[in-house]
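The values are calculated or read from the model by the stated rules, or taken from the named source; none is laboratory data. Bear in mind that the values here come from a model prediction, so they are computed numbers and not experimental data. Here Cβ is always computed from backbone atoms with ideal geometry, including for glycine, and neighbour counts include all displayed protein chains.
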């Protein structure tokens, strides 16, 4: 069932966006990784998703993620837009001075820093740069 994905975080964000576009409320069987959990915690904190669970199979060491999405009421506001910066072949590093508000403060940027994964506005306040992964608004 699982396939190898070259850019796992890109795959995660696109699956969430596609589920919102298809008006689904659940995204399941996403292959587990701690980095994906960090991204999902950030999305949950800024209310882009409702919740997520880690599912462990009985006879297998593999873990999966089940993501619960908010119900789409207004498609213009409720369906997130995703803009990617870093790719596996070309990481996109930025200094804190280059970090701007995303969509006038409506969205978040996801940045991987030496202090962990955080929103870009938080990294700007802490004066930390890092690898800019994506913007979600």
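Residue-by-condition table, conditions (1) more than 21 Å from residue 108 (Cα to Cα); (2) modelled with pLDDT under 95; (3) out of contact with any helix residue (DSSP H, G or I) (no Cβ under 8 Å at 6 or more places or on another chain); (4) surrounded by fewer than 16 Cβ atoms within 10 Å (Cβ to Cβ):
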{"site": "44", "(1), (2), (3), (4)": "no, no, yes, yes"}
{"site": "54", "(1), (2), (3), (4)": "yes, no, no, yes"}
{"site": "68", "(1), (2), (3), (4)": "no, no, yes, yes"}
{"site": "78", "(1), (2), (3), (4)": "no, yes, no, yes"}
Check your understanding: Taking only pairs six or more apart or across chains, which ones have beta-carbon atoms under 6 Å, a first residue in segment 83-109 that is outside the structural domain of residue 18 (by TED's automatic domain parsing) and in contact (Cβ under 8 Å) with a residue 40 or more places away in the chain, and a second residue that is crowded, with 16+ Cβ neighbours inside 10 Å and assigned to a loop (DSSP other than H, G, I, E, B)?
Key -> 92/85; 92/86; 108/102
Exercise for review: Out of 9, 37, report the one residue that is surrounded by 14 or more Cβ atoms within 10 Å (Cβ to Cβ), part of a helix (DSSP H, G or I), without any contact (Cβ under 8 Å) to a residue 40 or more places away in the chain and under 13 Å from the mean Cα position of the chain (by Cα).
Suggested key: 37
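Out of curiosity, is residue 71 assigned by TED's automatic domain parsing to the domain that holds residue 26, over 14 Å from the mean Cα position of the chain (by Cα) and more than 10 Å from residue 134 (Cβ to Cβ)?
It is true that residue 71 is assigned by TED's automatic domain parsing to the domain that holds residue 26, over 14 Å from the mean Cα position of the chain (by Cα) and more than 10 Å from residue 134 (Cβ to Cβ).
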Review point. Here are 128, 111: which of them is assigned to a strand (DSSP E or B) and at pLDDT 95 or above?
Key: 111
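Test residue 48 against the criterion of being outside the structural domain of residue 118 (by TED's automatic domain parsing), within 25 Å of residue 120 (Cβ to Cβ) and assigned to a loop (DSSP other than H, G, I, E, B), and give yes or no.
Yes: the conditions hold for residue 48.
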Check your understanding: So which residues in segment 89-122 are over 16 Å from the mean Cα position of the chain (by Cα) and surrounded by 20 or more Cβ atoms within 10 Å (Cβ to Cβ), if there are any at all?
Key -> 99
